[in-house]
Amino acid sequence: MRVFMFLMILTILTVLVARIDAFIYKSDLITEILKILSLAPGTNKWMVFVFLFIGFLYTIVAGIKGKLQKNGMKS
């Protein structure tokens, strides 16, 4: 459930920012989403993606740990 919520929040925020950019720059939504998600040389977007990946891994580990603890308490 945590992984689903992480991905849902990430998707919603990405679309929201892309929608705002599309409005400001008079562009379409797909173009702005691709600009947000693209890695251009010389930018520091890779740091954002690294921390997103670390957060994604943390939610997976926390979800597995929570399921193991929940199943361990029942037996």
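Each Cα pair under 8 Å and six or more residues apart adds its sequence gap; the mean of these over the residue count of the chain is a relative contact order of 38 percent.
What is the local net charge at residue 61, summed over the other residues whose Cβ is closer than 14 Å to its Cβ (Lys, Arg +1; Asp, Glu -1)?
On the way: positive: 2, 65, 67; negative: none.
Residues close to residue 61 contribute a combined charge of +3.
Average accessible surface for the chain: 85 Å² per residue, computed with a 1.4 Å probe over protein heavy atoms with every protein chain in place.
With a ≥ b ≥ c the root eigenvalues of the C-alpha gyration tensor of the chain, is it rounded (a/c under 1.5), prolate (a/b larger than b/c) or oblate? Because a/c hits 1.5 or more and a/b fails to exceed b/c, the chain counts as oblate. Length gained on full extension, residue 31 to residue 58, computed as 0.36 nm times the residue gap minus the Cα-Cα distance: 6.7 nm. Overall, the chain carries a charge dipole of about 480 debye about its Cα centre when +1 sits on the Cβ of Lys and Arg and -1 on the Cβ of Asp and Glu, all other atoms neutral.
The values are calculated or read from the model by the stated rules, or taken from the named source; none is laboratory data. A quick note: this is a predicted structure, and the numbers were derived from the prediction, not measured. As a convention, Cβ positions derive from the backbone with ideal geometry for all residues, glycine included, and neighbour counts pool all protein chains shown. With ligands, DNA and RNA removed, areas are computed over all heavy atoms of the protein, side chains included. Shrake-Rupley method; radii C 1.70, N 1.55, O 1.52, S 1.80 Å.
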